[in-house]
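Step one of this worksheet: look at the structure below.
The values are calculated or read from the model by the stated rules, or taken from the named source; none is laboratory data. Fair warning: this is a prediction, and the values are worked out from it, not measured in the lab. Glycine gets a Cβ as well: all are built from the backbone with ideal geometry, and neighbour counts include every protein chain shown. These area figures cover heavy atoms from the full protein model, side chains too; ligands, DNA and RNA do not enter into them. Shrake-Rupley method; radii C 1.70, N 1.55, O 1.52, S 1.80 Å.
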Amino acid sequence: MKAVFLATALSGLSLLPAYAADCMDSATTQTAMTACAAQLYQAADADLNKTFHEIRQRIGDDAQTQSMLRSAERNWIAFRDAECAFAASAGEGGSAYTMTSDLCLADITTARVKQLRKYLSCAEGDTTCPVPAN
């Protein structure tokens, strides 16, 4: 049962950077795995904030688009947090709960960064892209 739980918790690592697997592979205790998961989430969150800031700068003074971006991000954060609370709920109260939650947060946040980065590489005149070309 423990192996199945850990395998499920680690399955999200596919979206995370390559160093994520190294971090989790070298962790030999639950404390180390939990610390690694926290670091992965912090790194993904920092990347998200950087990417979000780049998009805001690119949008510039367009108040309506800035407002829509903020609204989308707030709603996405609510989704992410609810999804990860649900995904980690099987381990609630257990020693691996925080690790499972942080791995989920890192995985979904990394996926969001990839989505947002697509907006930064839109071609000039792309009407499906709300972010002006650089």
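I'm trying to understand the selection: among the residues of segment 9-44, which are at pLDDT 85 or above, under 14 Å from V113 (Cβ atoms) and aliphatic (A, V, I, L, M)? Of everything in segment 9-44, those that are at pLDDT 85 or above, under 14 Å from V113 (Cβ atoms) and aliphatic (A, V, I, L, M) turn out to be L40, A43, A44. Residues in segment 30-83 that are within 19 Å of Y97 (Cα to Cα) and among the β-branched types (V, I, T): T31, T34.
Among the conditions (1) among the aromatic types (F, W, Y); (2) over 26 Å from A27 (Cα atoms); (3) more than 11 Å from the chain's Cα centre (by Cα), W76 misses just one, which is (3). Remark: pairs (first residue in segment 24-47, among the acidic types (D, E); second residue in a helix (DSSP H, G or I); Cβ separation under 9 Å; 6+ apart in sequence or on different chains) = D45/L105; D45/A106; D45/T109; D47/T109; D47/T110; D47/V113. Candidates are the residues of segment 106-134 that are among the charged types (D, E, K, R) and open to solvent by 80 Å² or more (accessible area, probe 1.4 Å); the one that is farthest from T51 (Cα to Cα) is E124.
What about L103, is it farther than 24 Å from C23 by Cα, open to solvent by less than 30 Å² (accessible area, probe 1.4 Å) and either in a helix (DSSP H, G or I) or modelled with pLDDT of 95 or more (or both)? Taking the combined requirement at face value, the residue does not satisfy it. Considering only residues in segment 81-100 that are surrounded by fewer than 19 Cβ atoms within 10 Å (Cβ to Cβ) and touching a residue at least 40 places away in the same chain (Cβ under 8 Å), the one that is nearest to R58 (Cα to Cα) turns out to be T98. Just one of the listed residues (A78, A43) is small (G, A, S) and loosely packed, with under 15 Cβ neighbours inside 10 Å, namely A78. Inspection of segment 47-57 finds a residue satisfying the criterion of being open to solvent by less than 50 Å² (accessible area, probe 1.4 Å), out of contact with any Ser or Thr (no Cβ under 7 Å at 6 or more places or on another chain) and under 14 Å from P130 (Cβ atoms). Checked against (1) at pLDDT 95 or above; (2) over 24 Å from M24 (Cβ atoms); (3) surrounded by 14 or more Cβ atoms within 10 Å (Cβ to Cβ), S67 passes all but a single condition, namely (3).
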